[in-house]
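To start, the structure itself, in structure tokens.
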2 protein chains.
Amino acid sequence: MRKLFIITASLFLGLAVNAQEAIFDARPLVSPEINSDGTITFRYRNPSAKAVQVIGDFLPTKEIDTPRGKAEVTVPGEMQKDSAGVWVFTTSCKVESGMYTYRFSVDGSLTIDPSNMFVNRDVATLSSALIVSGGIGDLFKVQEVPHGTVSRVWYPSKASGFSRRMTVYTPAGYENSSKTRYPVLYLLHGAGGDEEAWITQGRASQIMDNLIAQGKAKPMIVVMTNGYQSLEAAPGENAQGYDVPSFRVPGGMAGAFESAFPEIIDYVDSHYRTIAKKESRAICGLSMGGFHSLFISLNYPDKFNYVGLFSAAVGVGHDNKSEIYQNMDEKLSAFFSKKPALYWIGIGKTDFLYKSNEEFRAKLDAAGYPYAYYESEGGHIWRNWRDYLSKFAPQLFK
Amino acid sequence: MRKLFIITASLFLGLAVNAQEAIFDARPLVSPEINSDGTITFRYRNPSAKAVQVIGDFLPTKEIDTPRGKAEVTVPGEMQKDSAGVWVFTTSCKVESGMYTYRFSVDGSLTIDPSNMFVNRDVATLSSALIVSGGIGDLFKVQEVPHGTVSRVWYPSKASGFSRRMTVYTPAGYENSSKTRYPVLYLLHGAGGDEEAWITQGRASQIMDNLIAQGKAKPMIVVMTNGYQSLEAAPGENAQGYDVPSFRVPGGMAGAFESAFPEIIDYVDSHYRTIAKKESRAICGLSMGGFHSLFISLNYPDKFNYVGLFSAAVGVGHDNKSEIYQNMDEKLSAFFSKKPALYWIGIGKTDFLYKSNEEFRAKLDAAGYPYAYYESEGGHIWRNWRDYLSKFAPQLFK
């Protein structure tokens with residue numbers, strides 16, 4: 001077998017043009033490399049570059065002054081060129097467990113790490129990705145536990161007049177029964193994102209698999225929608241194909257998505273074995289998706305028993321003419337009069353939406369509406385949103 | 001709404017760190033750009049590079065002499081640096097409709113196009129991707145037609161002792177019925193590939209959606225497996241996480257996958273509304289997947305009525321000790337005595353496996369076994385495999 005494989009390998013290696021040549025000597029340069037002391041080394045071959053930096057969310061941050069106040073920015077890692085033309089950077093400290101993304105700045109131009117095959121698209125930006133095990137990072141990895149199914153599903157949108165795509169997670173065991181019914185979590189993305197965001201950057205299927213396997217979360221269906229009602233699907237997955245000359249974000253905070261949300265609930269309840277009642281339905285989202293979660297739950301107060309606002313874009317929208325955003329005080333009163341099981345707010349201390357969240361909480365406090373509050377380090381970043389999902393999901397449907 | 005959006009946008013833009021900053025000025029450089037005359041322009045900013053080339057499967061090829069005979073290689077496109085440090089290359093001719101992948105060679109190091117958000121992973125190699133409409137490329141695009149569902153599903157493998165992942169396409173309408181049953185096509189990847197290969201590089205879901213919508217193919221379930229029986233799933237989707245220090249291909253041509261294949265058929269027939277009989281089952285694959293299709297169909301001659309060998313690695317394996325590869329002549333005789341509806345062989349004129357396919361066809365001819373044969377231009381490349389699927393699928397289950 002070994003001999004056969006080598007013969008075959010050299011056959012394949014020999015003459016394939018531009019297709020499979022990388023199979024057998026794929027990564028002469030190892031990058032990233034997690035060292036035994038927990039630091040991480042990055043390598044990038046480019047003899048002619050004049051300056052290369054690593055920019056990533058595992059690096060230390062510093063505060064800077066901006067015209068609008070203080071802001072937190074990452075301190076880039078300055079790479080050093082060795083005699084072979086390979087740029088090298090090692091973090092000064094052990095990097096704690098988690099999932100991180102990074103890019104190289106090559107004489108000012110940003111690019112992914114060509115030695116790392118793991119790439120995430122966030123909105124229109126590609127970044128290289130890495131996971132450090134041994135802590136919360138273990139939640140983001142595929143573990144040897146029962147796995148749910150992740151499906152890309154098209155539902156007919158009457159509101160839009162065309163089919164729209166969503167990503168649906170059904171928990172392990174769903175396919176093995178024809179009777180068991182499950183609660184549903186609607187999990188919404190942020191501005192510029194799409195129905196792929198939570199499954200790629202957010203690691204939602206790994207988080208749910210692992211929390212459910214550990215007995216920390218109930219088995220549930222998770223529905224990840226596309227918050228831009230005017231779009232069919234994520235870039236490359238719609239009728240525009242790859243012919244996207246430039247990337248523009250269409251208005252996602254004008255009421256169209258929120259007002260059409262009941263058709264999504266109807267589709268899910270009629271195509272999956274859900275428990276189709278308020279007690280078994282949750283909604284949460286990050287940033288614009290938190291804004292969506294806020295207004296969807298307010299406008300359909302009988303639909304959701306659990307609401308999660310992750311770094312939510314609260315405090316905007318009130319000047320919009322859509323009926324969805326009108327009479328917020330009355331809607332809040334109606335919603336909380338029905339005593340939701342959980343109203344959860346999470347935000348980072350340096351998030352640029354911190355102040356508007358503080359104002360929103362003050363409004364809830366003044367009216368005596370109960371909610372749970374979690375304040376993390378850091379800002380408006382995926383590190384926090386994965387963390388928030390990991391904390392929110394275990395509290396659902398108990 | 002416009003005003004609100006701009007206010008919100010500047011909020012989001014202002015202080016986000018490394019996360020969503022690309023939303024509003026995502027692509028200052030447009031690359032690739034399909035020009036009105038059908039040529040394509042590529043752009044890459046890198047003032048300090050000394051030489052940059054485009055390498056892609058839309059470029060002309062030339063024959064070169066190698067120690068093992070002639071080989072076909074792509075002629076790289078030499079990019080020219082403008083005064084702003086942007087390297088530019090425009091193809092000399094109109095590029096015909098299709099899907100293509102390319103990379104930049106920057107002073108000898110290969111990288112994706114940082115201005116193009118569409119990236120394909122082929123084995124361990126990342127390439128930028130583009131689609132040219134107006135011909136076969138239209139088959140590879142999401143069109144405004146009913147769409148099937150694409151699911152990543154884990155099945156328990158008794159043969160391996162752990163769960164393994166596969167990708168399952170169910171045609172449009174599958175979810176709207178609880179009675180209709182469908183035929184199944186098993187679609188296998190090549191050496192180094194995985195259960196993602198056909199859905200990303202192969203555009204299988206778009207091809208099937210479009211062929212079915214045009215009435216050219218019957219609605220069918222398509223099952224895309226992982227041909228390495230020792231692996232759970234694609235890189236990054238298994239328990240190794242992202243901690244892959246280097247990429248190694250484990251032996252995929254030693255009989256393990258073929259001998260365990262019945263458990264895949266059993267799982268699919270017991271979890272999907274299939275027509276669970278030979279008349280409604282097809283198998284095909286590219287390269288190593290063609291080799292797998294050959295031996296799976298020979299060893300289970302009552303299972304498949306349609307077999308497709310795409311640039312198949314025929315002519316290897318006979319010296320392997322696995323029972324799967326023994327007594328090929330007897331197995332061929334038994335298989336063809338049952339009169340399969342279609343035995344389809346496709347290969348490119350410059351494929352390095354052309355000669356071994358020619359020998360295999362001579363063997364079939366000598367024994368009088370009927371088959372259909374399609375010879376294309378080009379070699380061992382995805383352009384051909386997408387084309388072959390587009391030609392094979394319409395012939396199934398008629």
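Worth a mention:
- Search result, residues across region B:101-134 that are more than 19 Å from the chain's Cα centre (by Cα), open to solvent by 10 Å² or more (accessible area, probe 1.4 Å) and more than 8 Å from every other protein chain (Cβ to nearest Cβ): B:S105, B:G108, B:S115, B:G134
- For region A:272-294, taking the residues that are surrounded by fewer than 24 Cβ atoms within 10 Å (Cβ to Cβ) and not in a strand (DSSP E or B), the one that is nearest to the other protein chains (Cβ to nearest Cβ) is identified as A:Y272.
- Hey, B:K179 open to solvent by 30 Å² or more (accessible area, probe 1.4 Å) and either without any contact (Cβ under 8 Å) to a residue 40 or more places away in the chain or under 16 Å from B:S390 (Cβ atoms) (or both) or not: no
- Selection from region B:378-398 of residues that are part of a loop (DSSP other than H, G, I, E, B) and within 14 Å of another protein chain (Cβ to nearest Cβ): B:G378, B:G379, B:H380, B:I381
- Among the residues of this structure, B:Y343 does not count as one that is closer than 30 Å to B:F58 by Cα and in a strand (DSSP E or B).
- If only residues of region A:353-377 that are assigned to a loop (DSSP other than H, G, I, E, B) and free of Cβ contacts under 8 Å to residues at least 60 places away in the same chain are counted, the one that is farthest from the chain's Cα centre (by Cα) is A:G368.
- Answer residue from region B:174-188, given it is part of a loop (DSSP other than H, G, I, E, B) and at pLDDT below 95 and is farthest from the other protein chains (Cβ to nearest Cβ) among those: B:K179
- Any pair with Cβ under 6 angstrom, 6 or more apart, that starts in region A:56-81 at a residue that is facing chain B (nearest Cβ under 7 Å) and ends at one that is aromatic (F, W, Y) and surrounded by 11 or more Cβ atoms within 10 Å (Cβ to Cβ): A:D57/A:Y100
- Among the residues of region A:24-55, those identified as part of a strand (DSSP E or B) and either within 7 Å of chain B (Cβ to nearest Cβ) or open to solvent by 50 Å² or more (accessible area, probe 1.4 Å) (or both) are A:E33, A:I34, A:R43, A:R45, A:I55.
- If you check B:K62, B:K94, B:K50, B:K70 for being modelled with pLDDT of 95 or more and not aromatic (F, W, Y), only one passes: B:K94.
- Taking the criterion of being surrounded by 17 or more Cβ atoms within 10 Å (Cβ to Cβ), under 17 Å from A:M288 (Cα atoms) and not small (G, A, S), the residues of region A:355-398 that qualify are A:N357, A:F360, A:H380, A:I381, A:W382, A:R383, A:N384, A:W385, A:R386, A:Y388, A:L389.
- Scanning region A:62-100 for residues that are surrounded by 13 or more Cβ atoms within 10 Å (Cβ to Cβ) and either closer than 18 Å to A:D351 by Cβ or among the aromatic types (F, W, Y) (or both) yields A:A71, A:E72, A:V73, A:T74, A:W87, A:F89, A:G98, A:Y100.
- When residues in region A:135-163 are screened for being closer than 23 Å to A:I264 by Cβ and more than 10 Å from chain B (Cβ to nearest Cβ), 5 of them pass.
The values are calculated or read from the model by the stated rules, or taken from the named source; none is laboratory data. Fair warning: this is a prediction, and the values are worked out from it, not measured in the lab. Because the Cβ atoms are built from the backbone with ideal geometry, glycine has one as well, and the counts that use them run over all protein chains shown. SASA here: full protein model, heavy atoms, side chains in, ligands and nucleic acids out. Shrake-Rupley method; radii C 1.70, N 1.55, O 1.52, S 1.80 Å.
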